[in-house]
Amino acid sequence: MSSKDEILANIRQHIRQTYDLPGIRPRGICYPDKIAQFIEVSRSVGGEAILLQEGEDINQRIRTLYPEARTIASNLPGISVQTLNPDEVETPAQLNGTDLGIVRGEIGVAENGCVWIPQNVKEKALYFIPEYLLILLDKTKIVNNMHEAYAQLQTCAYDFGVFLSGPSKTADIEQALVVGAHGAKGLRVILV
Amino acid sequence: MSSQHAKAARRFLDNNEQAQWHNRTLWMVREKRDRLAMQLPEWEELRNLASQIKMHSLSHLDYYLSRFAARAEANGALVHWAKDADEHNAIVLNILNEHKVKKLVKSKSMLTEECHLNPFLEARGIEVVESDLGERILQLMQAAPSHIVMPAIHLKRQEVGKLFEEKLHTEKDNSDPGYLTHAARLHLRNEFLTADAAMTGANFGVAETGEVVVCTNEGNADMGTSFPPLHIVSMGIEKVIPDHQALSVYTRLLARSATGQPATTYTSHYRKPRPGSGMHIVLVDNGRSRTLGNEEHLQTLKCIRCGACMNTCPVYRRSGGYAYTYFIPGPIGINLGMLRSPDRYSGNVAACSLCYSCNLVCPVRIDLADQIYRWRQQLDSLGKADRVKKIVSAGMNYLFMRPSVYNQGLRLAPSVNHLPRFMIYNPLNAWGIGREFPVFAKESFTRMWEKGKVKKPQNKDAYEQ
Amino acid sequence: MKVGLFIPCYINAVYPEVGVAICKLLDYLGIETDYPLRQTCCGQPMANAGFEAQAIPLIKHFETLFGAYEYVLTPSASCAAFIKCRASGNIYEACEFLHDVVKVNKLPGSFPHKVSIHNSCHGVRELHLSSASELNIPPYSKIKNLLSLIDGIEISEPEKVDECCGFGGMFSIEEPAVSVCMGKDKLAAHLATGAGYITGADSSCLMHMQGIARREKLPVKFIHLIQILAAGL
């Protein structure tokens with residue numbers, strides 16, 4: 001008997017009573033102004049969400065926000081400030097040293113500032129290794145809560161995907177919050 | 001009548017300043033959790049759902065586990081099954097050897113602690129690098145975690161500063177957390193880039209999609225899995241949940257309960273291996289299937305390892321993780337330790353005042369305190385009962401089952417008030433360590449009632465509302 | 001209505017005035033009360049220590065003595081909670097009874113002091129005398145509601161409003177260091193409110209904290225809340 005069969009047999013042998021899956025769909029919190037809530041909670045998790053003004057040039061805005069950034073990696077159409085096409089690296093390690101990564105998010109979640117990013121670059125390292133990460137998100141794609149967000153994932157194919165909420169952080173030394181543990185030291189979402 | 005925990009707790013409390021800091025800091029985390037929980041009107045409903053979904057998943061575990069494995073394999077992952085810790089470690093070693101791995105970078109996994117994987121691999125020549133900052137600190141110190149979410153919560157910044165000075169050559173006497181964290185970032189960045197394989201735990205396995213979900217704040221699991229051509233997931237079989245709808249419930253509860261954040265920074269969904277690399281999932285039983293049949297303790301399998309029960313536990317906060325003999329401390333650890341080996345871990349069962357706070361913070365509503373109560377009832381038959389407590393209990397039974405003796409005792413009790421202090425307050429008397437004894441009344445209530453000194457309440461309609 | 005009164009062993013021996021106070025209240029409310037003389041202990045200390053077998057005969061004994069009463073009252077939340085889920089019968093902690101059954105809405109007398117309420121674990125988390133701080137439910141406190149009926153009283157609550165005081169029955173002697181530390185912390189929180197009295201529905205917690213206060217020579221008094229409610233009787 002293989003370990004698999006043995007484990008499954010043990011499980012079947014030991015289950016005493018079965019329980020039904022609760023039928024009710026969870027009711028999640030809803031906000032009168034999802035965008036305002038998203039912006040507020042983004043700040044509370046150490047990030048920042050800003051609205052792109054009508055007619056404002058996105059590349060100009062990015063330049064203003066990141067004047068120091070030398071290596072800027074992005075494969076997004078319409079992003080001209082990029083200096084590195086992440087789809088052209090041979091190894092993910094070549095993304096080390098990236099000052100700014102610019103990526104697209106698909107869903108924003110108002111209750112916790114999460115942005116859903118299904119992998120749409122060659123190496124997922126792009127989401128984690130840059131010193132700063134900038135996410136472009138369609139402001140109409142902000143949902144109230146995780147129930148609504150996961151309901152949308154049903155129709156979304158992805159090999160890897162991540163909900164990102166704020167910059168990388170740790171409090172492992174004396175519970176003192178430090179931003180930039182391993183991933184991005186700063187995370188911004190531009191709502192377009 | 002002092003358990004091992006009680007002795008260790010006394011030593012912990014002897015360092016008064018540090019003990020107070022520990023208590024205060026973990027309470028702060030509990031308060032953050034409260035604030036976040038109170039922001040969601042549906043909080044208690046979520047806890048109910050989370051509990052019910054887990055009970056359902058556990059009672060159909062064979063189905064969900066098979067489905068998860070089939071989907072994961074269809075996604076391109078290789079699924080392994082390990083009956084116990086030894087088999088888990090052997091499987092991992094085998095995979096590493098096949099890929100000629102010299103260096104393995106790991107994110108935090110309580111399961112690999114449970115299996116003692118690191119020493120096993122290190123003894124076989126594989127370099128293991130923990131990448132969670134807290135875990136890395138402890139690894140460099142050759143110490144164990146004292147909390148499942150905040151593993152280095154028992155350490156002061158100066159201790160970390162000293163350690164980094166020696167191991168990472170940081171500036172002398174610089175123990176600023178920001179500085180030290182940055183030093184660790186640089187050090188571990190290099191490890192991520194040069195590792196041959198990455199290992200993560202799993203917070204959830206989703207049966208419907210075959211994906212593994214890993215939650216971190218640092219992004220260390222993501223960094224770890226982004227570079228080397230091999231990702232091994234070590235996952236307890238109880239981590240499987242049905243689908244995304246279920247996952248939405250747990251992702252709302254986990255970080256709020258654990259650290260008082262609305263979400264972990266990274267909630268990563270590993271569905272398929274990175275192109276050109278391998279993904280292995282090791283499903284580990286190690287006693288879990290047996291626990292399924294243990295109706296009194298089955299609910300421990302619902303645990304999502306948030307650590308909220310530790311943060312609220314007044315005993316954990318005042319004794320520290322190392323006071324417990326099992327590697328997971330606090331209310332959940334007391335129970336998991338007993339399921340592992342009552343023989344080795346029964347000393348922890350006394351470390352509970354039965355305040356029931358853990359039951360109420362638990363996001364999946366595990367009956368933690370009730371279970372501790374039930375373990376206590378089993379200690380005697382396991383030959384692990386405290387001798388003094390046993391004698392006291394038998395004595396109480398003798399006294400209380402004989403109302404006339406009890407009433408006689410009530411009459412004599414006040415004479416104890418006049419015993420010389422040295423007879424009452426001596427090292428054999430644990431009550432007297434920090435407390436005065438209660439003073440017996442001159443007359444007991446029973447005596448007063450008998451003597452007609454108490455007005456016997458009669459039926460009348462004197463009270464009008 | 002006829003109630004059976006259960007006075008737990010330690011109240012009987014150490015705090016008989018709590019029993020006297022509850023009798024005054026019940027008399028004032030016109031509720032006929034019996035006090036079965038052969039009562040002893042509910043068995044909780046043994047059970048919590050891991051010897052439920054030693055407690056079972058006591059629960060049976062309790063049922064024999066009290067089974068026939070319409071209501072059984074005890075001025076101890078902890079004992080009431082223990083008996084409630086083990087013995088047949090209609091057991092109530094005293095303030096729960098006054099609040100939910102009698103629905104007392106006025107009481108004579110005054111208590112012109114500042115008190116700090118000790119929300120005991122079993123009172124809060126098992127008997128639901130007040131909303132537990134862990135839960136997201138509308139806040140309430142039956143204890144506050146009752147105390148508010150008394151003239152001149154100033155009511156406060158400590159920080160960490162329902163954290164355990166560290167008594168826990170035999171826990172207090174098996175884990176003396178942690179137990180005393182918890183008690184000291186709890187006392188400090190009560191004292192920080194500026195209250196002169198600490199009150200609550202559990203004399204066992206009060207006894208534990210009183211033991212520490214006397215050792216530390218702290219100027220604070222302990223009083224069961226039933227005694228405050230009976231202050232004008």
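Rule-based calculations on the coordinates, nothing more; no lab input. Everything numeric here is computed off the predicted structure, so don't read it as measured data. Cβ: placed from backbone, ideal geometry, glycine included. Neighbour counts: every protein chain shown.
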Inset, instruction - Provide Rg and Dmax in Å for the stretch B:234-288, with only Cα atoms included in the calculation. - result: 13.9, 38
Legend entry - Surface/4 of the Cα convex hull for chain B, nm²: 29.5 nm²
Inset, instruction - Could you work out how far apart the two model spin labels at B:Arg24 and C:Lys160 are, taking each label as a point 7 Å from the Cα in the direction of the beta carbon, and quote it in nm? - result: 1.2 nm
Legend entry - With eigenvalues of the C-alpha gyration tensor scaled by 5 and rooted, the stretch B:29-96, Å: 35, 18, 12
Legend entry - Rg/Rh ratio calculated on Cα atoms of the stretch B:402-450 (Kirkwood radius): 1.06
Legend entry - Percent breakdown of C-alpha pair distances by 10 Å bin, ordered from the shortest bin, for the stretch C:114-229: 14, 49, 31, 6, 0
Legend entry - Computed E for C:Asp34/C:Ser88 - FRET, C-beta separation, R0 22 angstrom, nearest 0.05: 0.80
Legend entry - Karplus 3J(HN,Hα) series, Hz, for the stretch B:352-363 with 6.51 cos²θ - 1.76 cosθ + 1.60 (x for Gly, Pro): 7, 9, 6, 8, 6, 5, 4, 4, 7, 8, 4, x
Legend entry - Exposed GluC sites (Glu not before Pro) absent - longest run of chain B, DSSP non-H/G/I/E/B, at most 12 other C-beta within 10 Å: B:1-294
Inset, instruction - Return the ratio Rg/(2.2 N^0.38 Å) for the stretch C:1-108, where Rg is computed over Cα atoms only. - result: 1.04
Legend entry - In sequence order, calculated HN-Hα J values of the stretch B:60-70 (Karplus, 6.51, -1.76, 1.60; Hz; x Gly/Pro): 10, 5, 4, 5, 5, 5, 4, 5, 4, 4, 5
Legend entry - Evaluated at q = 0.13 Å⁻¹: base-10 log I(q)/I(0), Debye formula over Cα of the stretch B:337-390: -0.33
Inset, instruction - Just list whichever of B:Lys83/B:Lys106; B:Lys455/C:Lys60; C:Lys103/C:Lys142; B:Lys100/B:Lys272; C:Lys106/C:Lys142 have alpha carbons separated by over 19 Å in the model shown. - result: B:Lys83/B:Lys106; B:Lys455/C:Lys60; B:Lys100/B:Lys272
Legend entry - Rounded tilt (10° steps) of B:43-59 against the dominant C-alpha axis of chain B: 70 degrees
Inset, instruction - Counting only trypsin sites (Lys or Arg not before Pro) that are in a DSSP loop and have at most 13 other C-beta atoms within 10 Å, tell me the longest site-free stretch of chain C. - result: C:107-216
Inset, instruction - Could you check the simple spin-label distance between A:Ile29 and B:Ser415, using points 7 Å along Cα→Cβ, in nm with one decimal? - result: 6.4 nm
Inset, instruction - Give me D for the stretch B:238-373 in µm² s⁻¹, whole number, from Stokes-Einstein with Rh from the Kirkwood sum over alpha-carbon pairs, 20 °C and 1.002 mPa s. - result: 131 µm²/s
Inset, instruction - Per residue, how big is the convex hull around the C-alpha atoms of the stretch B:154-220? Give it to me in cubic angstrom, could you? - result: 115 Å³
Legend entry - For chain C, fraction of C-alpha pairs farther apart than 25 Å, in %: 38 percent
Legend entry - Span from the the stretch B:40-74 Cα centroid across to the the stretch B:368-413 one, whole angstrom: 41 Å
Inset, instruction - Rank the residues B:Lys453, B:Lys167 as a footprinting-exposure proxy: fewest other Cβ atoms within 10 Å of their Cβ go first. - result: B:Lys453, B:Lys167
Inset, instruction - Indicate the gyration tensor shape class of the stretch A:73-192 (rounded, prolate or oblate), computed on the Cα atoms with a ≥ b ≥ c the square roots of the eigenvalues: a/c under 1.5 is rounded; otherwise a/b larger than b/c is prolate and the rest oblate. - result: oblate
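Provide the FRET efficiency to the nearest 0.05 for the B:Ser404-C:Ala188 pair, computing r from the beta carbons and using R0 = 51 Å.
The formula returns an efficiency of 0.75 here.
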Inset, instruction - Please report, to one decimal in angstroms, the Kirkwood hydrodynamic radius of the protein assembly as shown built from all distinct Cα-Cα pairs. - result: 29.5 Å
Inset, instruction - Any chance you could give the angle, 0 to 90 degrees and rounded to 10, that helix B:403-412 forms with the longest Cα principal axis of chain B? - result: 80 degrees
Inset, instruction - For chain A, set up a Gaussian network in which alpha carbons nearer than 10 Å are linked by springs, and say which option among A:Glu131, A:Glu111, A:Glu68 fluctuates the most. - result: A:Glu68
Inset, instruction - Express in whole angstrom the spacing between the alpha-carbon centres of the stretch B:290-341 and the stretch C:89-167. - result: 31 Å
Legend entry - For the stretch B:35-175, alpha-carbon Rg relative to the globular expectation (2.2 N^0.38 Å, N residues): 1.39
Legend entry - 5 Å binning of all Cα-Cα separations within the stretch B:365-465, expressed as whole percents from 0 upward: 2, 9, 10, 12, 15, 14, 12, 10, 8, 5, 2, 0
